[in-house]
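For reference, the structure is listed below as structure tokens.
The values are calculated or read from the model by the stated rules, or taken from the named source; none is laboratory data. A quick note: this is a predicted structure, and the numbers were derived from the prediction, not measured. We place every Cβ from the backbone using ideal geometry, glycine too, and count neighbours over all the protein chains shown. When the accessible area is computed, the model is the full protein with side chains, heavy atoms only, and any ligands, DNA or RNA have been set aside. Shrake-Rupley method; radii C 1.70, N 1.55, O 1.52, S 1.80 Å.
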Amino acid sequence: HLNAISPTSTKQAMDEDALEARIAEKQARKKKKKNGADGGENGDGEVRKKKKKKKKPVEGKGGSEGGGGDDGIAKEGGERRKKKKKKKPRAAQLEDQIEAKASNNSNYGEGVAVAAVSNAAVTAEEEYQSKGGYGDFDEDGGGGDVELTEKGGYHDHDSDDVIELEQERNMGNGHDVNNGDGEGQYGETVTADATYTFEADTEIMAEINQEGLVQVDEAGGIQAFVAETIAIDGDAVGIIKSDAEVETEEKKKYTKYFCGAVVVIVVVIIAVAVPVTLKVTKGRQRTIVREITNDPTQVPSDMPSDVPSSMPSSVRFTEIVRKLTYLSGDALKVQGSPQYRAAMWIADDDPIQNIRTGETGLDLDDNGFEQRYVMALFYYAMDGNLWKENSGWLGEDSVCEWFGIEGSSDGCPTGCIERSDYVGDYDKVCRIAMGKQNNLLGQLPSELSTLTEMRWFEIQRDYVFGTIPKSIGTSWTKVHTILLGDNFLYGGFPETFENNNILGTIFIDQNKFNSTFPNVVATMKNLEWLDAAENQFSGTMPPTITDLKSLRILNVNNNSMTGYLPDSWDENNLIEDFEVEDNNFKGKLPPSLAKARFLKDFRASRNQLSGEIPEEYYEWENLEELYLDGNDMVGELPQSAVPFYSGLQELSIHSNGFSGRFPVEHFEDTFRIKVLSLHQNQLTGFITPSICARRDSSRSYTQLVTLTADCGDDKIKCDCCTCYENGELIEDAGS
């Protein structure tokens with residue numbers, strides 16, 4: 001709104017006498033108009049007709065009779081002709097907005113002064129018109145003053161009409177420019193030489209970046225300025241915005257749209273299912289693929305269908321938990337655990353016929369109840385529903401008929417020790433032979449220790465992880481075969497198997513065992529086969545392992561073992577296959593090993609062994625394979641015919657420091673030799689044509705598959721060898 005203030009400049013001063021005269025003239029005209037409205041006489045003595053209220057011309061239509069709006073101009077004789085509406089200048093539009101806001105503002109009663117528009121506006125109007133401004137003029141050159149109406153519009157009238165309408169509006173609203181006493185309506189003195197200025201509403205001035213006061217020109221109007229953009233808010237009040245502000249708002253709007261689109265895209269990407277392949281490294285990469293043999297349900301549930309969604313309240317389940325707590329502990333109360341699922345199955349879903357009651361499910365006091373629970377627990381612990389072969393499991397038959405249990409093993413001809421063969425009143429499980437690659441996944445439950453008649457336990461090339469329960473070491477006193485090769489077990493082999501004189505075969509190769517080498521194996525007097533290759537065992541090999549006279553195969557390849565090879569072998573040792581490749585053993589080869597008269601395969605490649613081949617080794621009559629490559633050994637091979645050469649099929653001594661002449665003549669009369677790997681040594685000699693003829697692939701079983709040497713005139717002359725020079729392959733004649 002506009003507040004009347006004291007003048008600060010003498011510019012555009014108004015004559016006091018002229019002002020008073022104009023006010024008096026307004027009052028007179030007002031009185032005259034009123035008399036005319038009441039049917040009084042006009043100046044000529046005639047009765048004046050009541051003037052009809054004119055309707056506001058509709059925008060876009062022609063002018064109305066008796067008065068010029070925005071759409072009409074005055075003509076001589078009271079006639080008007082239509083004239084094209086001219087666009088108002090921005091200054092006029094601003095004046096409209098200010099006047100409209102002032103007339104509608106609730107604070108109007110607090111003091112708003114309205115400046116009368118003088119006849120001097122004609123001059124200003126002509127100046128605007130000459131510059132492309134607004135306003136309509138009479139044909140004879142007279143110009144109607146411009147009135148800022150309450151609605152914010154502009155109308156052209158002659159001077160008398162402007163003064164009359166201005167007086168009506170001001171008097172109707174209770175406002176007066178001067179109260180006749182020389183003071184404004186609100187007590188401020190108005191002098192004759194006053195220059196009118198107006199203090200604009202702070203919000204409006206902030207919008208147009210104007211500060212201070214807005215001056216009124218000689219015609220009583222606000223001086224013109226140009227605003228870039230005008231927007232109308234909900235109250236029809238003009239809000240002036242610059243192009244920069246409009247552009248900033250547009251950028252913010254589109255930025256919001258863009259951010260929303262980005263969020264939607266990210267959510268969609270995250271929601272896309274990504275197939276995951278589990279890769280397990282065991283000295284090499286191996287991709288585990290779980291084969292699902294059963295078709296999935298159409299709509300998966302939160303938990304498997306054979307697992308209740310909440311803790312059951314049946315009396316039978318509660319009694320089972322109480323009975324088996326000593327065995328499985330609190331795991332029975334953990335929903336989803338193998339123990340919980342097995343207890344639920346045997347409580348509610350076991351289809352076995354109860355001979356006593358005629359219903360399903362064994363009585364809790366049945367001697368076979370606990371064994372049936374343990375086998376169900378094994379099924380759930382090993383993810384039994386995804387096994388390739390699981391016939392019979394969780395069925396109505398005895399556990400002795402389930403796959404892997406039924407069958408025959410040494411000491412266990414029918415899968416169970418039957419009642420007629422054993423003092424007891426139920427058939428006891430004596431074997432679990434799940435074979436190889438049956439897709440078992442999980443940890444071995446310690447409850448397996450209750451199967452005290454176990455003879456054979458086999459799960460190979462599957463996904464068993466965790467540790468071997470120590471409890472089975474103390475309870476499986478009759479087990480003779482444990483086959484757990486190629487799984488993901490770690491830790492160590494339980495010391496609880498100490499002095500087990502029944503255990504004869506242990507396969508724990510290709511796992512993740514990372515303890516020291518299990519010395520407990522040296523106490524197993526009847527151990528025949530120990531395969532512990534491809535693990536992470538460390539430490540030394542116990543010297544007392546030579547006390548295992550029944551030991552035939554000992555394989556500890558690809559570990560991290562150190563120390564010296566045991567050297568207390570004798571004629572009673574039955575060792576046939578002794579493999580210690582890819583470790584960190586050091587020192588010389590043990591001479592006593594020559595006494596192991598049944599030794600056929602000795603592999604000690606890629607260690608830190610040194611010295612010469614003991615002469616005693618050349619007396620081996622049954623030796624077929626000797627691998628000593630990748631060590632620091634030296635010396636010469638024997639030139640005479642010794643038993644060592646007669647049965648030899650594979651000799652690999654490359655990457656050492658052997659020297660002297662290679663005795664090729666001892667290999668010409670045998671058709672058994674298949675590997676001669678001699679390169680990266682200081683050997684000399686000549687490979688005969690008869691030996692080269694043996695490289696022919698058509699010879700099948702008698703073919704010499706591998707023949708390598710350091711070729712050259714001062715080394716080994718060979719026309720059919722795979723040749724090396726300084727350890728690098730230069731020619732492969734065999735290819």
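General remarks:
- Average accessible surface area per residue within region 533-597, 1.4 Å rolling probe, Å²: 39
- Projecting label points 7 angstrom from Cα along Cα→Cβ for Val266 and Arg699 puts them 7.1 nm apart.
- Descending by average beta-carbon neighbour count within 10 Å, the peptides 315-326, 341-352 line up as 341-352, 315-326, the highest first.
- Using a probe of 1.4 angstrom and keeping all protein chains present, the accessible surface of region 362-495 works out to 37 square angstrom per residue.
- Calculated FRET value between Arg461 and Lys256, using beta carbons and R₀ = 60 Å, to 0.05: 0.55
- Per-residue Karplus couplings for region 448-453, computed as 6.51 cos²θ - 1.76 cosθ + 1.60 with θ equal to phi - 60°, are listed in order as 4, 5, 6, 7, 6, 9 Hz, Gly and Pro entered as x.
- Accessible area of Phe403 in the full protein assembly, 1.4 Å probe (Å², nearest 10): 50
- For Ser314 and Ser550, the FRET efficiency from 1/(1 + (r/R0)^6), where r spans their Cβ atoms and R0 equals 45 Å, is about 0.25.
- Accessible surface of region 395-491, 1.4 Å probe, proportion on carbon and sulfur as whole %: 46
- Linear extension gain, Glu619 paired with Val246, 0.36 nm per residue minus alpha-carbon span: 124.0 nm
- Note on Gln682 and Asn354: the model spin-label points, each 7 Å out from Cα along the C-beta direction, lie 8.6 nm apart.
- Computed with a 1.4 Å probe over protein heavy atoms only, the accessible area of Tyr463 comes to about 30 Å².
- For the residue pairs Lys428/Lys512; Lys525/Lys595; Lys478/Lys549; Lys674/Lys715, the C-alpha atoms sit more than 24 angstrom apart in Lys428/Lys512.
- Placing pseudo-labels 7 Å out from each Cα toward the beta carbon at Asp669 and Lys595 gives an inter-label distance of 3.2 nm.
- Between Ser515 and Ala28, full extension at 0.36 nm per residue minus the direct alpha carbon distance yields a gain of 163.3 nm.
- Summary of packing: across the peptides 468-474, 649-655, the per-residue average of other C-beta atoms within 10 Å ranks them, highest first, as 649-655, 468-474.
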